[in-house]
Amino acid sequence: MAKKMGTRHTIARVRNPDYSSQRDFMRNQLGFSMIVNPELEAASEIRRVLSFPSAVKVDTFSRGKVELAEFFVEDHSRLNGVELNQLHKITKTNILICAVSHNEDVIIPDGNYAIKPGNHLYITGTHRDLSRFCLDIGVITNRIKNVIIVGGGKIAYYLSKQLSTQGIKVKIIEKDKNRCQILAEKLPYVTIIHGDGSDDELLNEEGIENTDAVLALTGLDEENIVLSLSAKSLYHKKTIAKVTRMNYTGLSDVLKVDSIVAPKKIVASQIIRYVRAKMTKDHDSAVKTLYKIVDGEVEAVEFKVTEHFNYLQQQDLWLLIIVNGHYFHK
């Protein structure tokens with residue numbers, strides 16, 4: 001209706017899984033400028049994080065050619081005390097540490113910055129280079145082969161479909177019997193268990209000790225956090241918790257949960273990215289991708305440089321540049 005009344009840009013939220021495959025049709029035929037699905041986007045973020053078990057969060061640029069990964073520096077990390085201009089002695093990969101956060105401090109580091117325990121490093125590179133970087137610094141990067149999902153909601157549904165196509169075995173534990181039946185019909189390649197995922201005895205029966213990751217995706221934030229804490233402390237598993245409350249998103253360090261995913265925050269970032277791209281459309285360059293990192297303190301922006309760009313031939317810009325599918329940084 002808003003589009004027919006002359007509104008230039010319209011954004012629609014679509015959450016029904018039955019419509020998820022029709023997003024292009026709705027955008028083209030109904031005239032929506034953008035369609036967002038919070039649960040689908042949250043599932044995609046979880047899938048990206050699982051591709052790097054040692055990462056806290058992973059985003060992509062240039063249609064997946066370059067990734068931006070967040071890593072936490074442990075007390076025993078080989079990176080401790082290493083200055084960035086000496087990083088080449090540890091790894092030969094073509095990666096760029098573009099931001100560092102520690103507690104509430106955020107910096108864009110220069111070559112003299114020395115990495116410290118407790119740092120969050122925001123690193124760009126190809127998937128291959130980031131994987132090699134993890135190996136070079138001694139971080140375990142064993143491929144995730146099987147996961148347990150506690151909670152059978154929309155995120156679990158979307159995520160199960162994505163992971164199954166990658167050959168990852170998925171087991172969903174859901175309290176609601178009717179929901180279990182629906183999931184069993186829609187996901188015949190996924191093991192569906194009717195039960196309470198917070199029950200340690202049930203988790204042991206379902207083989208939590210042999211699973212690679214535990215994903216807490218129930219409708220209760222507190223339950224998800226407690227489940228993740230338990231899985232981390234008792235079984236030392238990769239843990240991801242879904243939260244609704246935005247003020248919980250920065251608690252991963254304090255709670256020792258590997259990753260916290262907030263669907264509202266993901267969609268808000270997408271909408272901001274869209275708006276920023278439209279704002280710069282008539283300027284020198286158009287923003288193609290924008291990510292807010294370090295709790296919104298830093299922006300990572302992908303934009304196309306035109307002949308009217310004000311900083312052509314500039315020598316002191318800090319950039320990761322993609323030319324004809326190849327990338328380098330300066």
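I'm trying to understand the selection: among the residues of region 167-221, which are of a type in the set (Asp, Glu), under 25 Å from Asp258 (Cα atoms) and touching a residue at least 12 places away in the same chain (Cβ under 8 Å)? If you could, list the steps in order and put the result at the bottom.
Of region 167-221, the ones of a type in the set (Asp, Glu) are 174, 176, 185, 196, 199-201, 205-206, 209, 212, 221.
Subsequent filtering for residues that are under 25 Å from Asp258 (Cα atoms) retains 174, 196, 199-201, 205-206, 209, 212, 221.
Listed by number, the residues that qualify are Glu174, Asp196, Asp200, Glu206, Glu209, Asp212, Asp221.
Go through the residues of region 181-189 one by one and say whether even a single one is within 25 Å of Gly118 (Cβ to Cβ) and among the small types (Gly, Ala, Ser).
Taking every residue of region 181-189 in turn, none turns out to be within 25 Å of Gly118 (Cβ to Cβ) and among the small types (Gly, Ala, Ser).
With respect to Thr124, determine if the residue is among the polar types (S, T, N, Q) and surrounded by 17 or more Cβ atoms within 10 Å (Cβ to Cβ).
For Thr124, the condition - among the polar types (S, T, N, Q) and surrounded by 17 or more Cβ atoms within 10 Å (Cβ to Cβ) - is met.
Quick one: in region 97-126, which of the residues that are over 20 Å from Lys292 (Cα atoms) and either within 21 Å of the chain's Cα centre (by Cα) or in a strand (DSSP E or B) (or both) is modelled with the highest pLDDT?
Ala114
Identify, by number, the condition in (1) surrounded by fewer than 17 Cβ atoms within 10 Å (Cβ to Cβ); (2) touching a Cys at 6+ places or on another chain (Cβ under 9 Å) that Gly111 doesn't meet.
Unmet for Gly111, out of (1) surrounded by fewer than 17 Cβ atoms within 10 Å (Cβ to Cβ); (2) touching a Cys at 6+ places or on another chain (Cβ under 9 Å): (2).
Is there any pair linking a residue in region 254-265 that is without any contact (Cβ under 8 Å) to a residue 60 or more places away in the chain and surrounded by fewer than 22 Cβ atoms within 10 Å (Cβ to Cβ) to one that is charged (D, E, K, R) and assigned to a helix (DSSP H, G or I), with Cβ under 7 Å and at least six apart or on different chains, and which?
Listed by first residue and then by second, the contacts come to Lys256/Lys232.
Looking at region 145-166, can you tell me whether even one residue there is more than 17 Å from Glu45 (Cβ to Cβ) and in contact with a Phe, Trp or Tyr (Cβ under 7 Å, 6 or more places away or on another chain)?
Looking for residues that are more than 17 Å from Glu45 (Cβ to Cβ) and in contact with a Phe, Trp or Tyr (Cβ under 7 Å, 6 or more places away or on another chain), one finds at least one in region 145-166, hence yes.
How about region 12-69: which of its residues are more than 21 Å from Glu302 (Cα to Cα), in contact with an Asp or Glu (Cβ under 7 Å, 6 or more places away or on another chain) and at pLDDT 80 or above?
Selection gives Ala55, Val56.
Check region 112-129 and report whether any residue there is of a type in the set (Phe, Trp, Tyr), more than 16 Å from Ala43 (Cα to Cα) and touching a Ser or Thr at 6+ places or on another chain (Cβ under 7 Å). Don't jump to the end; show me each part of the working.
The initial filter retains those residues of region 112-129 that are of a type in the set (Phe, Trp, Tyr), namely 113, 122.
Right, trim to more than 16 Å from Ala43 (Cα to Cα) and you get 113, 122.
Now drop any that are not touching a Ser or Thr at 6+ places or on another chain (Cβ under 7 Å), which leaves none.
No, that holds for no residue.
When only residues in region 65-96 that are free of Cβ contacts under 8 Å to residues at least 12 places away in the same chain and not in a loop (DSSP other than H, G, I, E, B) count, which is nearest to Pro263 (Cα to Cα)?
Residue satisfying both the conditions and the ranking: Leu87.
The values are calculated or read from the model by the stated rules, or taken from the named source; none is laboratory data. Not measured: the values here are computed from a predicted model. Backbone-built Cβ (ideal geometry, glycine too); neighbour counts: all protein chains shown.
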